[in-house]
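Since the structure comes first, as structure tokens, the remarks are kept for the end.
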Amino acid sequence: MMEDALKLLSKIMVTCMVAVSPAAAFAQAGVTFDPLIANSMNSERLTIKQLRAKYQDEQSRYMKIGDVEVHYKDEGQGPVILLVHGSLSTMRTWDGVVEKLTDRYRVIRFDLPGFGLSGHISGKAVAEMQPTDIPQKLLENLGVTKVAAASGVSSGGTMVAILAAKNPGLVDRLILSNMPSDPVRTDHMKPHAELVSELEKARETGFQAPSYWKEFFKFYFAVPERATPKLLGEYYDFNRRVPEKYPISFIAQVKDGKETTPLFASLKIPVLLVWGSADPLLPDSAANKLGEYLEQAKVSKLFMSDVGHYPPLEIPGRFGEIIGNYVGAVTPVLEPVE
């Protein structure tokens, strides 16, 4: 009985990684919950207007792409670096990373539709657009024709890899961190008792309480103390945003791999895999498998034993230095010799 429960909870955890709405996550995992209980939590939900009032700053910009209003930031000067966050997250994933880069690079990042401060996802947007249309149109409208490096963590890595594959010549190099390359397995995951309890509460209510996020990062970070009160508060706030009808429509997904595997194989640019080896979901073997799929790319790997699933969040300063050094020193764009 407990084994079956853990398998179900592990499935829910993975589904939550690709769905901002707990209700949608549980539904996809084959679990139902009482909407009357979920509705009782509405007083704790935040609207986009409330989130923007609390979190937007002087660097916040908004762009209408198709039928979606996208929140983005465009900071610094120099070669362009594009950063894409993962599921259940926002562009704030990269705050500490950006600080290490804007003195020499132009850094562009955005909130995926339905996340952070970006607008609602309409049925029209779902019908007419693909996930990679968002970064592609954002770059195009900003006049960017060349990206020195694109980096993504978790499903954000899938996003930038697909973007580069579909647009040869746009991206010079990729930096991919703890992203799936195959349908994600969960049978190896062993959530601790407190997280199991929090998942059960979320299953019953359709709502992730502050205590949930403490246990979430205890599981996904190699060093739980790195999850600061500020970080926990932000995840609580952004994940109590009023749920979307189409929560995962603009998240890049591997699914069964039939579309993504050939795209990965078509990449012919340098790729750095920066991997948190303490990731309970995607261990080092996932990085090695991804490297095999990148059969035409020039792949380098960096494994970090003291980091979990979210390297940009857990070690932002170090991650920023890795990006800067890789782009500037390891794979520089050399000027032609006259």
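May I ask you to list the residues in the range 189-235 that are among the hydrophobic types (A, V, I, L, M, F, W, C), at pLDDT 95 or above and over 17 Å from Thr90 (Cβ atoms)? The answer is Phe219, Phe221, Ala222, Val223.
Could you tell me how many of the residues in the range 92-110 are of a type outside the set (Val, Ile, Thr) and either in contact with a Cys (Cβ under 6 Å, 6 or more places away or on another chain) or not in a helix (DSSP H, G or I) (or both)? Walk me through it before giving the result.
Filtering the range 92-110 for residues of a type outside the set (Val, Ile, Thr) gives 92, 94-96, 99-101, 103-106, 109-110.
Filter again for either in contact with a Cys (Cβ under 6 Å, 6 or more places away or on another chain) or not in a helix (DSSP H, G or I) (or both), leaving 99-101, 103-106, 109-110.
Qualifying residue count for the region: 9.
Any chance the range 301-322 includes a residue that's touching a residue at least 24 places away in the same chain (Cβ under 8 Å), of a type in the set (Gly, Ala, Ser), surrounded by fewer than 23 Cβ atoms within 10 Å (Cβ to Cβ) and under 21 Å from Leu163 (Cα atoms)? So far as the range 301-322 goes, no, none of its residues is touching a residue at least 24 places away in the same chain (Cβ under 8 Å), of a type in the set (Gly, Ala, Ser), surrounded by fewer than 23 Cβ atoms within 10 Å (Cβ to Cβ) and under 21 Å from Leu163 (Cα atoms).
Please tell me if Gly143 is within 18 Å of Glu75 (Cβ to Cβ) and assigned to a loop (DSSP other than H, G, I, E, B). Full working, then the answer.
Numbers: within 18 Å of Glu75 (Cβ to Cβ): yes; assigned to a loop (DSSP other than H, G, I, E, B): yes.
It is true that Gly143 is within 18 Å of Glu75 (Cβ to Cβ) and assigned to a loop (DSSP other than H, G, I, E, B).
Among the residues of the range 121-137, is there at least one that is outside any helix (DSSP H, G or I), buried (at least 22 other Cβ atoms within 10 Å of the Cβ), of a type in the set (S, T, N, Q) and under 16 Å from the mean Cα position of the chain (by Cα)? No - not one qualifying residue is present in the range 121-137. The number of residues in the range 39-72 that are touching a residue at least 40 places away in the same chain (Cβ under 8 Å) and charged (D, E, K, R) comes to 6. Inspection of the range 206-225 identifies at least one residue that is out of contact with any helix residue (DSSP H, G or I) (no Cβ under 8 Å at 6 or more places or on another chain) and not aromatic (Phe, Trp, Tyr).
Among residues that are of a type in the set (Gly, Ala, Ser), part of a loop (DSSP other than H, G, I, E, B) and either at pLDDT 95 or above or crowded, with 21+ Cβ neighbours inside 10 Å (or both), Ser89 is included.
Looking for something part of a strand (DSSP E or B), without any contact (Cβ under 8 Å) to a residue 40 or more places away in the chain, touching a helix residue (DSSP H, G or I) at 6+ places or on another chain (Cβ under 9 Å) and on the phi < 0 side of the Ramachandran plot - is there at least one such residue anywhere in the range 281-300? Before you say what the answer is, go through the steps one by one.
As a first pass, look at the range 281-300 and keep what is part of a strand (DSSP E or B): 298-300.
Remaining after also requiring without any contact (Cβ under 8 Å) to a residue 40 or more places away in the chain: 298-300.
Checking the rest, the ones that are also touching a helix residue (DSSP H, G or I) at 6+ places or on another chain (Cβ under 9 Å) come to 299-300.
Add one more test, that the residue is on the phi < 0 side of the Ramachandran plot, and what stays is 299-300.
For the range 281-300, residues part of a strand (DSSP E or B), without any contact (Cβ under 8 Å) to a residue 40 or more places away in the chain, touching a helix residue (DSSP H, G or I) at 6+ places or on another chain (Cβ under 9 Å) and on the phi < 0 side of the Ramachandran plot: present.
Do we find a residue being closer than 22 Å to Leu88 by Cα, assigned to a loop (DSSP other than H, G, I, E, B) and touching a His at 6+ places or on another chain (Cβ under 7 Å) anywhere in the range 237-246? Scanning the range 237-246 turns up at least one residue that is closer than 22 Å to Leu88 by Cα, assigned to a loop (DSSP other than H, G, I, E, B) and touching a His at 6+ places or on another chain (Cβ under 7 Å). Filtered by the rule that a residue be part of a loop (DSSP other than H, G, I, E, B) and either farther than 21 Å from Leu313 by Cα or not hydrophobic (A, V, I, L, M, F, W, C) (or both), the range 190-211 gives Lys190, Pro191, His192, Gly206, Phe207, Gln208.
Taking Ser211, is it under 21 Å from Arg226 (Cα atoms) and either in contact with a Leu (Cβ under 7 Å, 6 or more places away or on another chain) or surrounded by fewer than 21 Cβ atoms within 10 Å (Cβ to Cβ) (or both)? Yes, satisfied.
In the range 159-171, the residues that are closer than 18 Å to Gly257 by Cβ form Cβ pairs under 7 Å with partners that are aliphatic (A, V, I, L, M) and modelled with pLDDT under 95, at six or more places apart or across chains, as follows: Met159/Ala252; Ile162/Ala252. The residues of the range 301-320 that are closer than 24 Å to Phe219 by Cβ and assigned to a helix (DSSP H, G or I), listed by number, are Pro311, Pro312, Leu313, Glu314, Pro316, Gly317, Arg318, Phe319. Among the residues making up the range 73-105, those that are of a type in the set (A, V, I, L, M) and touching a residue at least 60 places away in the same chain (Cβ under 8 Å) are Val80, Ile81, Leu82, Leu83, Val84, Leu88, Val97, Val98, Leu101.
Within the range 261-280, work out how many residues are in a loop (DSSP other than H, G, I, E, B), hydrophobic (A, V, I, L, M, F, W, C) and either closer than 13 Å to Ile162 by Cα or over 20 Å from the mean Cα position of the chain (by Cα) (or both).
So the answer is 2.
The values are calculated or read from the model by the stated rules, or taken from the named source; none is laboratory data. Fair warning: this is a prediction, and the values are worked out from it, not measured in the lab. Backbone-built Cβ (ideal geometry, glycine too); neighbour counts: all protein chains shown.
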